[in-house]
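Accompanying notes for the structure given below.
The values are calculated or read from the model by the stated rules, or taken from the named source; none is laboratory data. In this text, all values refer to a predicted model and were calculated from it rather than measured experimentally. Glycine also receives a Cβ, built like all others from the backbone with ideal geometry; neighbour counts cover every protein chain displayed. Note: accessible area is taken over every heavy atom of the protein model, side chains too, but ligands, DNA and RNA are not part of it. Shrake-Rupley method; radii C 1.70, N 1.55, O 1.52, S 1.80 Å.
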Amino acid sequence: MRLIVHLLSLFVVIQILPFIELNAEPIVTIEKLTSELPLAHPRLFTDADGFEELRQKIAAPENKVRFEWLSEFIIQRADELLDAPALVYEKDESGRRILHVSRDLLRRATHLGMAYKLTGDSAYRDGAIDAALTVCAFPDWNPAHFLDPSEMVVGVAITYDWLYDELTDAQRSLMRESICDKALRPSLEPHRWFRSVHHNWNQVCNGGLTMAAIAVMEDEPALAAQIIQMAIETIPLATEQYEPNGCYPEGPTYWCYGTQYNLLMCAALDAAYGTDFGILRDSALAQSPLVIQHLTGPSGKTFNYSDNNTKAQSCPGVLWLADFLGNPGIAALEEQKMRALYDKGDSLDVRFLPLRLLWMAAQAPSLPEMMPLSFQDLGGRNPVATHRSSWTDPDALFVAIKAGSPSINHGHMDTGAFVLEAKGVRWAIDLGKEVYAKVELFKDQVSLWDNKQEGTRWDIFKNGPLSHNILLIDAQRQSIDGHATLEAFVDDEDYRSSLVDLSSLYASQVDHYTRRVSIVDQSVVEIEDEVKGAGYGKTIRWAMLTEADVAHVEENRILLKQDGQQLELSFQLEGTTVPLAWTVYSTNEHPPLQVWDSPNPGTRMIGFEASSREALIRIRVIARPQ
């Protein structure tokens with residue numbers, strides 16, 4: 001019977017190979033994958049000796065300060081998870097996903113599994129096993145939304161592998177069958193498209209399935225080897241997206257999601273086979289942790305363009321990457337970020353958090369000696385640029401601008417948008433993403449993924465042009481076929497600047513359009529727009545979204561107050577009518593929100609409107625901390 005299943009799996013793989021365009025010469029053979037894997041468990045990320053070394057490392061008196069806080073935090077979370085309600089098969093509000101259940105299971109597997117490895121307390125072992133057996137009894141892992149089984153299977157695989165010797169034969173059999181029948185085999189069905197895309201689905205699905213395949217290799221060699229081989233062949237479609245500078249097109253939040261699974265896949269391969277099979281060879285992905293530092297302002301918030309949020313994301317896989325590359329600097333930056341989140345009391349509810357212990361060196365790594373104050377993703381697929389006045393001053397100036405296109409996965413009509421910080425306050429903000437499950441309740445009226453020029457994705461307030469810090473001309477949408485490029489770049493001590501050519505985004509409205517953001521004399525931020533050929537009588541709106549209170553408005557000046565700090569903005573215009581004063585727009589009433597839009601409390605849009613009068617229009621806004 002097993003031979004028949006293996007032949008059927010192979011038939012399915014052969015059927016879909018033409019659509020994936022695998023290399024004519026495979027990077028790794030099935031024979032190598034099945035013959036060179038160590039038979040002993042555990043083998044996901046480390047082995048029995050590795051866990052013993054970890055226990056000794058944590059117990060060493062000289063390591064107490066470095067490791068105690070994290071190991072105690074993991075055990076504390078494990079204790080809480082022992083009292084958590086049993087997992088149930090329940091879809092989210094939209095009726096589309098059980099991803100929250102998958103992530104809950106994964107969190108239990110890593111925390112309870114690691115707590116057992118550190119303490120030997122059988123309660124943690126039994127809790128992890130019970131959680132895995134619960135989801136194995138589910139009818140399926142929701143393959144219609146394949147991120148769900150791709151994350152669920154990692155939780156079951158970790159429990160299966162780390163606790164292999166503690167399981168009964170019946171428990172091993174049930175977990176192994178569930179891994180294969182609810183994730184690995186369904187992934188080979190011809191309509192699965194995640195292996196042919198360039199975004200995070202490729203990394204998450206390939207990464208999760210690879211980790212699971214490694215766990216069951218000796219019992220399902222043909223199936224497991226096929227899964228791993230296909231992942232190694234197709235994940236480069238995603239890793240090439242980081243070229244040429246390490247800037248991930250989908251933004252910081254999705255960088256953590258996709259990159260995490262990409263790195264954990266490589267870590268699992270390296271632990272099992274002693275190689276990542278060249279996935280990271282010469283890849284700009286290795287530079288991406290440094291890029292994330294550039295995208296994070298002095299406030300600790302990230303540049304949350306498109307479907308991203310401002311919270312800094314912890315990515316334990318970066319610690320493995322630092323060891324793999326012999327680059328302790330990126331490990332130091334990751335540890336610094338993690339500790340800052342912990343010290344601030346921010347949520348550390350990260351499902352892979354316990355893996356940090358495996359890759360934290362006994363000695364604390366040193367931070368990079370020097371990082372440039374400016375960054376530009378020249379030639380990137382969805383490029384951004386950032387400038388700051390200091391890395392060490394919490395009151396430093398920071399400005400970041402996005403180029404690229406709305407057509408990028410998870411994109412918004414935010415090309416040319418910027419964020420701005422001074423005195424520890426983020427003055428110019430972005431609303432980030434709308435709640436998917438809420439929008440999907442109204443799927444007959446609007447679609448998150450209808451990103452055609454006239455698509456309904458742009459009718460979602462947070463996705464469309466009206467909510468972003470961009471220039472609007474006659475309230476028209478940006479062109480989804482356009483792609484804004486980064487042009488001039490300056491990184492001098494008294495002048496740091498990036499110029500974005502936005503012409504193709506406004507091709508039906510103007511002949512030429514550029515926006516420049518600058519830090520001048522380490523003291524002010526300037527945003528300069530130059531528009532050519534708009535025609536006579538066009539309504540041009542300049543706008544900036546903020547959480548600050550408006551303290552005073554006088555003609556071309558506006559004073560903002562927030563967190564005890566003040567920022568003054570002033571405008572200068574050429575080639576247009578002159579607005580009487582700044583205007584404050586409601587983010588809940590201008591325009592009126594639709595039923596699928598979430599309210600935006602505590603935010604407002606400030607800006608001004610002018611009418612075009614000449615062929616050349618210049619708008620200069622100066623932001624000056626007080």
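Relative to the dominant Cα principal axis of the chain, helix 64-82 is inclined by about 80°. For the pair ASP474 and LYS532, label points projected 7 Å from Cα toward Cβ lie 2.1 nm apart.
Distance from the Cα centroid of the stretch 554-608 to that of the stretch 54-73 is 50 Å (rounded to whole angstrom). Against the chain, whose longest principal axis is taken from its Cα atoms, helix 169-179 shows a tilt of about 30°.
Treating the angle as unsigned and between 0 and 90°, give the value, to the nearest 10°, between the Cα long axis of helix 99-119 and the longest Cα principal axis of the chain. Once rounded, one gets 60 degrees.
Highest mean first, what order results for 144-151, 417-424, 356-363 on Cβ atoms within 10 Å?
Highest-to-lowest ranking by the protection proxy: 417-424, 144-151, 356-363.
Hey, what number do you get for the chain at 222 nm if only DSSP H runs of n ≥ 4 count, each worth -39500 (n - 2.57), divided across all residues, to the nearest 500? Before the final figure, lay out each step's value.
Values: 17 runs with 216 residues, N = 626.
Result for the chain, helices only: -11000 deg cm²/dmol.
Per-peptide packing, taken as the mean over residues of other Cβ atoms within 10 Å, places 175-187, 481-493 in the sequence 175-187, 481-493 from highest down. Computed from label points 7 Å out along Cα-Cβ, the spacing between ARG613 and LEU441 is 4.9 nm.
One decimal place: the segment SER598-GLN572 gains 5.9 nm when fully extended, by the rule 0.36 nm per residue minus the C-alpha distance. When you restrict to C-alpha pairs under 8 Å that are six or more residues apart and normalise by the size of the chain, the relative contact order lands at 10 percent.
Annotation: peptides 268-274, 289-295, ranked by per-residue average of other Cβ atoms within 10 Å with the highest first, follow the order 289-295, 268-274.
Given [x] -0.40, -0.54, -1.25; [y] -0.58, -0.64, -1.21; [z] -0.35, -0.47, -1.24, which label gives log10 I(q)/I(0) by the Debye sum over Cα atoms at q = 0.06, 0.07, 0.12 Å⁻¹ as computed from the coordinates? Correct label is [z]. Under 17 Å from the 7 Å Cα→Cβ point of ILE27, by amide nitrogen: which residues of the stretch 219-237? 225-237, by backbone N distance to the label point. Pairs of Cα atoms nearer than 8 Å and 6+ residues apart set the relative contact order; for the stretch 79-144 it is 37 percent. Segment ASP521..ASP346, full-extension length gain: 59.5 nm, with 0.36 nm per residue of separation and the alpha-carbon distance subtracted. Taking label points 7 Å from Cα along the Cα-to-Cβ direction, ALA361 and ASP494 give a separation of 4.1 nm.
Computed over protein heavy atoms with a 1.4 Å probe, the carbon and sulfur contribution to the accessible area of the stretch 395-458 reaches 50%.
Looking at the stretch 574-620, the GluC sites (Glu not before Pro) that sit in a DSSP loop and have at most 14 other Cβ atoms within 10 Å of their own Cβ are GLU614. Ligands, DNA and RNA aside, LYS443 has an accessible area near 150 Å² when probed at 1.4 Å. Take the chain with all the other protein chains still there, run a 1.4 Å probe, and you get 38 Å² of accessible area per residue. Sparsely packed loop sites in the stretch 59-106 (the GluC sites (Glu not before Pro) outside DSSP H, G, I, E and B with at most 11 other Cβ atoms within 10 Å) comprise GLU90.
Using a Förster distance of 35 angstrom, determine the FRET efficiency expected from the C-beta separation of TYR585 and GLN336, and round it to 0.05. Walk me through the intermediate numbers first.
Details: r = 38 Å, r/R0 = 1.09.
Given R0 = 35 Å and the Cβ-Cβ separation, E is 0.35.
I'd like the carbon and sulfur percentage of the solvent accessible area for the stretch 473-626, probe radius 1.4 Å, heavy atoms only, ligands and nucleic acids excluded. The computed percentage sits at 45. Taking every C-alpha pair closer than 8 Å and separated by at least 6 residues, the mean separation divided by the residue count of the stretch 308-467 gives a relative contact order of 14 percent. A straight line joining the Cα centroids of the stretch 361-380 and the stretch 224-303 runs 17 Å. Charging the Cβ of each Asp and Glu at -1 and of each Lys and Arg at +1, and nothing else, the dipole of the chain about its Cα centre rounds to 700 debye.
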